[in-house]
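The block underneath contains the structure these notes are about, expressed in structure tokens.
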Amino acid sequence: MKKVYFHIGSGRCGSTLIQSLFNDKMLHNIFAQHRRLYDPHIYLDTGLIAHDETFVEAHWQPIRDKFFKPMATMDMDGFFITQENLLGMRPDAGQKNICNVSCEKISYLAEGFEPHIIILIRRQDTYIESLYNQCIKRWELRDFATFVDEFPRENWHWADNIDIYARHFGRANVTVIPFESAVYENSGRTEFLDTVLMAIGITTRLSFKDLPVVNASLAPRAIEVQRVANKFLERDEALALANWFEAHIKKKPDDPHKMMPDEMRQDILAYYRASNTRLCQEYLSDYPAALAYYAGTDGA
């Protein structure tokens, strides 16, 4: 049976880079050599309906007919799909996760194929910081403390949500990949992009260096300016300024996270410590450095 590899996020874990890089001609050729195919148009066509809170077959049938049914007769063994909106973990206050609904959507699309789920994760404290940075670019008006206070922490127990996919598709058909380079020490892997390729059966090893920055976060000094601007500018004016900052004053890889006080960070790490410990034991056992990092016992 042909395989369909669904990379379903999380957002703020390199999804935009994956979507951009995997559409490069060199990667397309490598995919073809391994009898794999990536069609970026599926991402575009599924973007909005992936947010649906229930499974509506009428929304998904055109996608299945247009893309997935033709795959059955293609001279390929596997197909890579990326759509971070299918993760079903929701970061807005008052929202509940819809991971079970996402499983229904994926199962419908993958009828006649063997689905394999790929989930990239990030420690919750830095995820929240990165999410706020992204929201600031989109006219966020709350200060950081209010944003954190209103973030639905209960939705972001990685282990509990990954369990839903493991039960639905089988544990062997779920791959969990750390986003942070610090977790790759002594793992036999280099970083998350190469690990995604490994998960979909690409045996050619690539060294990803000097990659373009896509969907960049703002540098710490630009965040504060943008936050104030959001209060005084019209929405389109604020978005234009954010686009300029993204192009000219983007966050560098070694820029420290400065928004979260140590006490707040330790509180968040403590909140997730038990579930992150289980996450590492059950889903990240190939990463020796994961437990100390995700469970917050590495001095973070």
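Can you name the residue in the stretch 89-111 that is over 15 Å from Arg64 (Cα atoms), not aliphatic (A, V, I, L, M) and not in a helix (DSSP H, G or I) and is also most open to solvent (accessible area, probe 1.4 Å) among such residues?
Once the filter is applied, the top-ranked residue is Lys96.
Please enumerate the residues belonging to the stretch 258-292 that are assigned to a loop (DSSP other than H, G, I, E, B) and crowded, with 17+ Cβ neighbours inside 10 Å.
Scanning the stretch 258-292 gives Met259, Met260, Leu284, Tyr287, Ala289.
Taking Gly201 as meeting all but one of (1) surrounded by 20 or more Cβ atoms within 10 Å (Cβ to Cβ); (2) under 18 Å from Val4 (Cα atoms), write down the number of the exception.
Looking at each condition in turn, Gly201 falls short on (1).
Looking at Met26, Met76, can you tell me which residue is under 24 Å from Gly201 (Cβ atoms), among the hydrophobic types (A, V, I, L, M, F, W, C) and out of contact with any strand residue (DSSP E or B) (no Cβ under 8 Å at 6 or more places or on another chain)?
Unique residue meeting the criteria: Met26.
Please indicate, with yes or no, whether at least one residue in the stretch 60-69 is β-branched (Val, Ile, Thr) and more than 22 Å from Asn23 (Cα to Cα).
no
If you check Phe245 against the conditions, is it open to solvent by less than 50 Å² (accessible area, probe 1.4 Å), over 18 Å from the mean Cα position of the chain (by Cα) and either closer than 26 Å to Ala292 by Cβ or not aliphatic (A, V, I, L, M) (or both)?
So Phe245 fits the description; yes.
If we only count helices (runs of 4 or more DSSP H) wholly inside the stretch 7-50, which ones have 3 or more residues that are under 14 Å from Leu120 (Cβ atoms)?
Helices (runs of 4 or more DSSP H) meeting the threshold: 15-21.
Cβ-Cβ distance below 9 Å, separation of 6 or more or different chains: which pairs start in the stretch 95-108 with a residue that is acidic (Asp, Glu) and end on one that is open to solvent by 10 Å² or more (accessible area, probe 1.4 Å)?
From residues that are acidic (Asp, Glu), the pairs are Glu104/Thr54; Glu104/Phe55; Glu104/His168.
List pairs: first residue in the stretch 137-158 and free of Cβ contacts under 8 Å to residues at least 24 places away in the same chain, second residue in a helix (DSSP H, G or I) and surrounded by 14 or more Cβ atoms within 10 Å (Cβ to Cβ) anywhere in the structure, Cβ distance under 6 angstrom, at least six positions apart or on different chains.
Partner pairs satisfying both residue conditions: Phe147/Tyr132.
Of all the residues that make up the stretch 167-183, how many are over 17 Å from the mean Cα position of the chain (by Cα), outside any loop (DSSP other than H, G, I, E, B) and at pLDDT 95 or above?
Final tally of qualifying residues: 6.
Quickly run through the stretch 23-76 and pick out the residues that are out of contact with any Asp or Glu (no Cβ under 8 Å at 6 or more places or on another chain), surrounded by 11 or more Cβ atoms within 10 Å (Cβ to Cβ) and of a type in the set (Lys, Arg).
Lys69
Asp255 is checked against (1) surrounded by 15 or more Cβ atoms within 10 Å (Cβ to Cβ); (2) within 22 Å of Leu131 (Cα to Cα); (3) more than 20 Å from the chain's Cα centre (by Cα) and fails just one. What number does that condition carry?
(1)
For the stretch 11-22, what are the residues that are buried (at least 20 other Cβ atoms within 10 Å of the Cβ) and within 16 Å of Phe79 (Cα to Cα)?
Residues satisfying the conditions are Ile18, Phe22.
So how many residues does the stretch 128-164 have that are hydroxyl-bearing (Ser, Thr, Tyr) and open to solvent by 10 Å² or more (accessible area, probe 1.4 Å)?
Residues in the stretch 128-164 being hydroxyl-bearing (Ser, Thr, Tyr) and open to solvent by 10 Å² or more (accessible area, probe 1.4 Å): 1 in total.
I'm trying to understand the selection: among the residues of the stretch 129-153, which are under 18 Å from the mean Cα position of the chain (by Cα) and in a helix (DSSP H, G or I)?
Glu129, Ser130, Leu131, Tyr132, Asn133, Gln134, Cys135, Arg153
Out of curiosity, is Phe68 in a strand (DSSP E or B) and not basic (Lys, Arg)?
No; evaluated as a whole, the condition is false for this residue.
The values are calculated or read from the model by the stated rules, or taken from the named source; none is laboratory data. Fair warning: this is a prediction, and the values are worked out from it, not measured in the lab. Ideal geometry is used to build each Cβ from the backbone, glycine not excepted, and the neighbour counts take in all protein chains shown. All accessible areas refer to the heavy atoms of the entire protein, side chains included, with ligands and DNA or RNA removed. Shrake-Rupley method; radii C 1.70, N 1.55, O 1.52, S 1.80 Å.
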